[in-house]
1. Roughly what % of DSSP beta bridges within the chain run antiparallel, to the nearest 5?
2. Given axes a ≥ b ≥ c from the Cα gyration tensor, I'd like to know whether the stretch 634-702 is rounded (a/c under 1.5), prolate (a/b larger than b/c) or oblate.
3. Under a plain spin-label model, where a point goes 7 Å from the Cα along Cα-to-Cβ, how far apart in nm are Thr297 and Asp1044?
4. Would you mind getting me the FRET efficiency between Arg1175 and Asp1000? Use the beta-carbon distance for r and R0 = 41 Å, nearest 0.05.
5. Sort out for me the Cα centre separation of the stretch 1151-1217 from the stretch 885-910, rounded to whole Å.
6. Between Val393 and Ser917, what's the calculated FRET efficiency when r is the beta-carbon distance and R0 is 56 Å? Round to 0.05.
7. Which cross-chain or sequence-distant (5 or more) residues have an amide H under 5 Å from the amide H of Leu922, H modelled 1.01 Å from N in plane?
8. Any idea what log10 I(q)/I(0) is at q = 0.12 Å⁻¹ for the stretch 851-1002, Debye with uniform C-alpha scatterers and no solvent?
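Values in this text are rule-based calculations from the coordinates and carry no lab data. Only a predicted model underlies this, so the values are computations on that prediction, with no experimental measurement involved. Heads up, the Cβs are rebuilt from the backbone with ideal geometry, glycines too, and the neighbour counts pull from every protein chain shown.
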Amino acid sequence: MAKKVYDQDGLDMQHTDWSGDAATGGLPVSGRLVENYVKSIDEKATPTEELVSGETKAPTSGTVFDAMVGTVTDVDVQDSEDGTQYVMTVKQKDSQGGESSKEVRFSKYTDDDKVVVNIDLTDSGGAGLPASQYLALGSGFVVKYSVGVGTAGGGTVDGYSDLKARVIVKRGSTVISEFQDAEFVGVTAGQSYTFDASPYLKDATAYTVQVEAQATYQGGTLMKTATAKVTMVAMTLETTYSAGNGLADGGYKNDVNIPFTAKGTSGEKNIYYRINGGQPYTLGLSAGSGVQQKNVTIPLTQMQEGTNVVEAYAQHENSGVVSRVHYITLLKAGGGVTAYAGLMFSHRAAGFQSDWKRPVLEAEQFTAWSFSYAGYDRDAYTARVKVTNQGSVVKEDLLQRGETGSYGRTNVNVEPLDYRVSCGDAVLEVQVNTASHPDIEATLASDAVCTFDAFGRSNTENNPASWVSGDKRMEFRDVLWSVNEYGAGSGWHKDRLLLAGGAGMTLTADGGYRPFNEAEKPEGFAIRDVGMTLEIEYSTANVTDTDAELITCLGQLDNGNRYGLIVTPEEAKFLTGVVTEAMDAGQMLRYEDSVGTKFQPGTNIRITYVFYPNVQTNEQRTLIGFYVNGEESAASKWLDKVNFDIQSQLEFKSAGADLNVKSVRIYNKALTSDEVLNNYIVDRNHLEDADGEPGVRSLDEDNRVLNEGDTVSMEKLMGLMKKRRNSILVLIGTGSVGSEVPSESDTLNVVDALAQLNDKKANKLVREVRFYNGEDRTLDFILTNVYVRIQGTSSVNYARKNFRFYFQKTASGWTVTLSYGEIDGNGRQKNPVVTTGKKNLFKLRRNSVGAKLACSKCDFSDSSMTTNTGGAKLINDGLKEMGLLTPAQRYAKDHGLEDDYRSAIDGLPCDLFVAKSVDEDLTYYGQYNMNNEKSDSYPIFGQDETIGGEKWGEGDTLNYLEADEEGHKQYLPVCFETLNNSNPLCLFHWLPSTEPEHKDFMDYNFDGGLEFNHPKDTFWSDGGGDAEEEPNLKDHLGTGDKYDKMYKATDRMMSFVYRCVKETPAGRNMVYSTESHSFEGVDYEDDGDKFPTAKWQSDTFRKEASKYFDLPHLIAYYLYVQFNLGVDQLAKNMLIRTWDGVKWLIDYYDGDCQLGSDNKSFLTGKYDDNRQTKRDGAYVMQGHNSWLWNLIVANCWDMIVEIMVSGWNGGASFMSA
């Protein structure tokens, strides 16, 4: 067959079947057109090496590869970290055959609808921060920030919640340890918060202060981060040169060498100096970071006759950070020099003076500054040098050639100060400019009558005995005006006036000055009308008489009683002239009514007495307020006591102790508590913390808790929670005296309603209780519709009440609800854990054992909030460290339980705020402690029915219970509280059940001395009976039930004490009297001021006491009370507890009467008092006649010493714990 031929024009060459068909026998076709088409294909088969427009040839593979460089191979789009942007990642081919990525960001929203968290981060003055900066090591770095939620365009947004922020500090890229566990804390939108990073910038390296914020919005979390970067650079330059150098010979006659010591961060460094404002010289330093000694040589030829000025500083070149800049004057000798005034100082500045002849000293607010000076008088070896300010002489010295004087102060205000240093006709001027710290709110109260401050004074002054303030002055007696390097002598010493060896002074004026004599006050300034304030800061040393009266201003009443101010080495007090007599434990005690406190001799102390006027507008009217170091310590009424007619002047003496006076300040007005604190803060003389003492900044920050108008701000307290771990308690609701539940007609908030009702058995329903837990914010809780009562009999008698919260109780028809979870600044919780009714349990910590009750406590005698709850936590933790555990604690330890079974209650200090509703402003009610309540506290001590899922008295729990004499074990939890210091049972006096008068003893003593804490509401005979759920032990005797067992266990233990006392010399003649219902014939007399050990010897107690008592536990309790001078904790205020009715121990629970303070807030004890100390006819400590403590001290002394010094059974010693 022939090939099929296609030659027609217009044939579709591309889509024609060229393979042939039946007509061609399957042979390929041919023809002109086919040949031409194949030819064109052959021509295109030759590849080309370039790609240009219109080219039809195929490219080579290399050409194709080169063309592909930059081609996009992948595109991925994700949200940004804060959700406000799209982040597009583009991958492209690169010239190496791989791929490269590029990131492109663009806004996710328009400015009108983009909801973001915003952070305004500035410096302390509100100015913007650079991207990074260098600072000299040791300088401060403070930032201010505020957080909010809005649109990127500045619009407002509602509906967000849980606004939080945190600050972390990084050293390089590593978060420093103090911030590794930093948590977000609730913040208030728009409120400014200040963060001082200075304490953390300790090394010469790069740091980042990072503020992170977040908020919940429409179910999602918005986040934002702002950073401030700073690199700390070390650069110091010091000199030992003195302003008096060269003056002995009338000035320099040769070249001068000024020695400098330089040290700085590695890198290029130089010393720059100039002479008389001329061209600077450069002195190179090595690049290392070590100490370098360099001499700056001043050629004599470059000096002019008379005064010359050298300025010098060191600079770290890479950063531009400079050291302190030195300003030094030199005297070149010459025939024309008749007088010379020399000056020397260093300061933080950018460089040389702008005018070298008129220097400016750059100072810092709240930080001490000073300059030194010297003088030369050609005609005398001693030169008179004066420092004047605005024409007034502020310092005058008589200086021998080569000697120097100094002047300085701490500037609270920032106005420029001009000083002149003169010696004869020679005058130098220096201006002091003060850089402000606007972030610090503390200011000095104005209008002082007089201010005496010893800062900068010296014994080399022309008249060191001149101490003047306005028209007031100090008159001195027997002051030497010389103090050696060891502090011996008297006069100006270390910014104090040292009075020693009988030296003294009197605050006086022309005609005398009697600050407490109202008749001499200016018209309109009577103390009764406007008040008065006295501040004295001082310390004592070399005390030989603790009763010596070092500072006095005293008068005498017609009855001979003294009244007025007395300061001794260990006490400051203002006597009112009233003598108080009170019965305590059957004895008449006599107290001098005074306002003040005792303290350790040698401690620096600022005491402030504020006499508040008798005017209705002053909430503290007619009170004498006493403050220690700016904090209120005590108060008492002066009305009807103090006449303000004291004729004495204010005297300072040193017989019996050295007295160092730092400052004295008097006002003819009553300062507010805020002004008293601010005065203390601004008088610290150092901005930052130094030598373990807080500086102005930290004191100001820690006390920055007031709103405008001097009200305590909850928002500011919340801002301090992270640093101070302070807690906050808020009660919201209304009430009335006549109703348990709130109503619309209520006019009182619920706390005031409880206070007016003043009934410890009456309930009030509180609509909402919020607790912000400073230790663990996840344990913040909101408690709604809960019953609250006044707690405690004593609370009924005090203006400020303790409150008991019934977590599971409410009024009929209401539901009490508890929710745990962090509370934000708007009072809301995110994903709280909610319970109701009987499931509600109070917990302060994650491992706390839940309790049905809580108590907010503000003891009258414990305003410091430390000894009561603080003591409970201390003794609980200390006993654990000593290995002295209760049965429940031993079981928990052995079985790996996390439950914190305690040997004393737990609590957290908090501030209480109250409002009628959530829309009303909160009112501050003072400091409280949120505690476990001792009533129904048995679960937290491990005396519930079960422990670790096991029932007490069964299984492994039996290993933690003691067997009785017959070898039987049982779970018999008993705890009773001792109530009365003079009740026989509180002193472990007991008449056994085998004695015929036992019933008489029990009927007259038991219910008045012991109160059952568990099982509660149990009595001997004063209860309502079983039907009233107030069982009487008396009704259950012989029944064999738990009440009969409780009685027998108590009788067993107490009868053992009785038997032991009967065999002692002190008690062998004792008898029980049915007339006094107590014991007679017991010898309680001490051996002088020593415990009479021999009188209380008992072989039985020594051999068998461990069968009845957990002796090591009792001894540790006794030592704690003795060392802490718990004057009211060895008779009443004890919890006597057993798990098995066999072995008993004593738990701590009420420690407000510690450190020598009794229950009436009289400080009756001194630091070296003990149970044998007797004062004013009575023993300082209660429990002197306790049989138990006397037997322990007399018969267990070796164990006492071992526990105190070495520890018991491998545990820590008492002194260590």
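1. So the antiparallel bridges in the chain amount to around 95 percent.
2. Oblate.
3. That separation, rounded to one decimal, is 10.9 nm.
4. 0.70
5. Between the Cα centres of the stretch 1151-1217 and the stretch 885-910 lies a distance of 25 Å.
6. Result of the calculation: an efficiency of 0.35.
7. Under 5 Å from the amide H of Leu922: no residue qualifies.
8. -0.75
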